[in-house]
1. Looking only at residues that are within 16 Å of the chain's Cα centre (by Cα), polar (S, T, N, Q) and assigned to a loop (DSSP other than H, G, I, E, B) in the range 95-130, which one is surrounded by the fewest Cβ atoms within 10 Å (Cβ to Cβ)?
2. Considering only the range 148-184, state which residues are part of a loop (DSSP other than H, G, I, E, B), open to solvent by less than 50 Å² (accessible area, probe 1.4 Å) and at pLDDT 90 or above.
3. Against the conditions (1) part of a helix (DSSP H, G or I); (2) open to solvent by 20 Å² or more (accessible area, probe 1.4 Å), where does Ser216 fall short? Just the number, please.
4. Does any residue in the range 141-154 that is among the aromatic types (Phe, Trp, Tyr) come within less than 7 Å, Cβ to Cβ, of a residue that is exposed (fewer than 12 other Cβ atoms within 10 Å of the Cβ) six or more places away or on a different chain, and which pairs are these?
5. Among the numbered conditions (1) open to solvent by less than 50 Å² (accessible area, probe 1.4 Å); (2) out of contact with any Phe, Trp or Tyr (no Cβ under 6 Å at 6 or more places or on another chain), tell me where Leu191 comes up short.
6. Look through the range 228-262, keep the residues that are among the polar types (S, T, N, Q) and farther than 15 Å from Lys64 by Cβ, and return whichever of them is least open to solvent (accessible area, probe 1.4 Å).
7. Go through (1) surrounded by 15 or more Cβ atoms within 10 Å (Cβ to Cβ); (2) touching a residue at least 40 places away in the same chain (Cβ under 8 Å); (3) under 18 Å from Leu242 (Cβ atoms) and name the single condition Leu59 misses.
8. Just one of (1) surrounded by 15 or more Cβ atoms within 10 Å (Cβ to Cβ); (2) in a loop (DSSP other than H, G, I, E, B) trips up Gly133, so point out which.
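The values are calculated or read from the model by the stated rules, or taken from the named source; none is laboratory data. None of the values given here were measured: they were computed from a predicted structure. Virtual Cβ from ideal backbone geometry, glycine too; neighbours counted across all protein chains shown. These area figures cover heavy atoms from the full protein model, side chains too; ligands, DNA and RNA do not enter into them. Shrake-Rupley method; radii C 1.70, N 1.55, O 1.52, S 1.80 Å.
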Amino acid sequence: MKKLLLLIIIILLKLNANNYNQTIHICDDENEWPPFTYYKRIDGHKDKQHLIGAMTEFLNVIFKKIGTKYTLTLMPWKRCTYLVYSYKKASKKYEMFINGTYNKDRAKKYYISKPVYFTYQAVFYSKNKYPNGIIHNGKWNINKYKICDVNGYNINSYYTKLGLKKSKKIDQEAGSFESVLKKISVGRCDLVVASEANIYGAEKIGKYKIPKDIASQRIPNLKPTAFYIFISKDYPNAKKLLKEINKAIDELKKDGTYKRIFTKYNVY
């Protein structure tokens, strides 16, 4: 009888270990991060019952692979990162946050996953005017083109780093990126340089519609920005969870799942 009882206890402990003895609670920024994590829109209005996006879908397959349930809540970013860092003090509410970049301070405070995805700077242009694109074999001459950008943006030094001559003027008459993209579409300027994720993400939440002829090419030799998953060091099963997540990331990138999901949102 004692042996049977002991065997039942061992089995229950193993089951609990596999499931981390709980649902994993994840938080992220309430301002959303399209196209990675954001609320579904219905007739232009947020449906706060449904989070979608590339990272949201990727989390679904990660946790399905791990065999553990999770919740995802959007809240003020500082509160989110604090609750994960102070897991024991904060009533053990949130074990993880997502969509964060690396820095030394975070490396001290949290366990950090392998890079999940990257964001890139890209040239946006009209396929009608440049059917073969602007960047060829990793090379381009930014000074050949008329550049437009948003009024009030301090971007001169940024374009200079990309090789633009200081004497070259940038058209900044447009009041928004939507206006900039329309100007490119009708041929009033040739290109704008912007974060690929931000441009496509804004369209996902209905800020504007990108003209059909607009295309993008990532700028070569610019280091992309990596984004990670962060786990509280206070969480008892943190190291095991980190190992499982890293393994899932590797497998899902290898079998094509990652590419399928992120391509769907124009950010692969």
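1. Going through the range 95-130, the residues within 16 Å of the chain's Cα centre (by Cα) turn out to be 96-102, 112-122.
Subsequent filtering for residues that are polar (S, T, N, Q) retains 99, 101, 113, 119, 121.
Checking the rest, the ones that are also assigned to a loop (DSSP other than H, G, I, E, B) come to 101, 113.
Details: Thr101: 11, Ser113: 22.
So the residue we want is Thr101.
2. Within the range 148-184, the first condition is being part of a loop (DSSP other than H, G, I, E, B), and the residues that meet it are 151-155, 162-170, 175-176.
Applying the additional criterion that residues be open to solvent by less than 50 Å² (accessible area, probe 1.4 Å) yields 155, 162-164, 170, 176.
Hits for the range 148-184 are Leu162, Gly163, Leu164, Ile170, Ser176.
3. Ser216 satisfies every listed condition except (1).
4. none
5. Here Leu191 clears every test but (2).
6. In the first step, residues of the range 228-262 are kept if they are among the polar types (S, T, N, Q); the result is 232, 237, 246, 257.
Retained after the next criterion (residues that are farther than 15 Å from Lys64 by Cβ): 232, 237, 246.
Values: Ser232: 0, Asn237: 51, Asn246: 29 Å².
Ranking the candidates gives Ser232 first.
7. In the conditions (1) surrounded by 15 or more Cβ atoms within 10 Å (Cβ to Cβ); (2) touching a residue at least 40 places away in the same chain (Cβ under 8 Å); (3) under 18 Å from Leu242 (Cβ atoms), Leu59 misses (2) alone.
8. So the condition that Gly133 fails would be (1).
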